[in-house]
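The numbers here are math on the coordinates, done by the rules we state, and not lab data. These numbers come from a predicted model, not from an experiment. Heads up, the Cβs are rebuilt from the backbone with ideal geometry, glycines too, and the neighbour counts pull from every protein chain shown.
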Amino acid sequence: MKRFNYVVLAAVVMALALAYAGCQKKVEEPATAETVETAATAETPETPLTLSADAQKLPPGTEVAVIETEEGIVEIELLTKETPKTAGNFIKLVEDRFYDGIPFHRVEPGFVAQAGDATLVGRENPAIEIPAEPDKRKTVRGAVSMARSMAPGATEYGATSPTQFFILTGDSPHLDPDFCVFGLVVTGMDVVDNTRKDDVVKRIRVLRVGEAKPATAEAAAETE
């Protein structure tokens, strides 16, 4: 009987020792880069962007693109009623976080600041075709449009870039009527003026005047 008790006692002690060792292993197991990144993402939610007082003076329901750059904030009124296809495509790219982290690859003081080439950060540009829309606005300082290329020796511009947008920092009548203006800067022209080549677009979010929730590409399409 005593021998049986000793055997049981020894088994219990061994089981406790194994359980304690397992706990210690879990406690001492170092965190991997993946677990640290996951924890950091969970603990640090994105700080929401808000509209300035000037942007809030726009008509209720107006979609406004808020661009956070290294130089500051730029707010752009999106002309979704005049250019539903172009503005809607831009909003969809913003929803997909396409522009986050992409640099301004072309900056010409007094003329243009241009961004939207994902290949510069090791990503692919989506294969999107934007239907042509009439240019109802002049290409003046503060106007926003999508880029178009022209082959050497050509006399006409090619297809509209699906991703690259530019903000004019000076009046550019020579671009009329070949470039569809889909946005107008509301605030932050000083930020655009101070933008340098390779400055990064930290993020772009589209907000709707009078509403707390972000605007969507579907909403822009409904205005067509």
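Observations on the structure shown:
- Cβ-Cβ FRET estimate between residue 149 and residue 52, R0 fixed at 30 Å, reported to 0.05: 0.30
- The ranking of 108, 70 from fewest to most other beta carbons within 10 Å of each one's beta carbon is 108, 70.
- Shape category assigned to region 64-151 from the gyration tensor of Cα positions, a/c cut at 1.5: rounded
- Sorted by Cβ density within 10 Å, fewest first, the residues 149, 172: 149, 172
- The protection proxy used here, the mean number of other Cβ atoms lying within 10 Å of each residue, ranks peptides 182-192, 119-129 as follows, highest first: 182-192, 119-129.
- Cα gyration tensor category, rounded, prolate or oblate, for region 55-222 with a/c compared to 1.5: rounded
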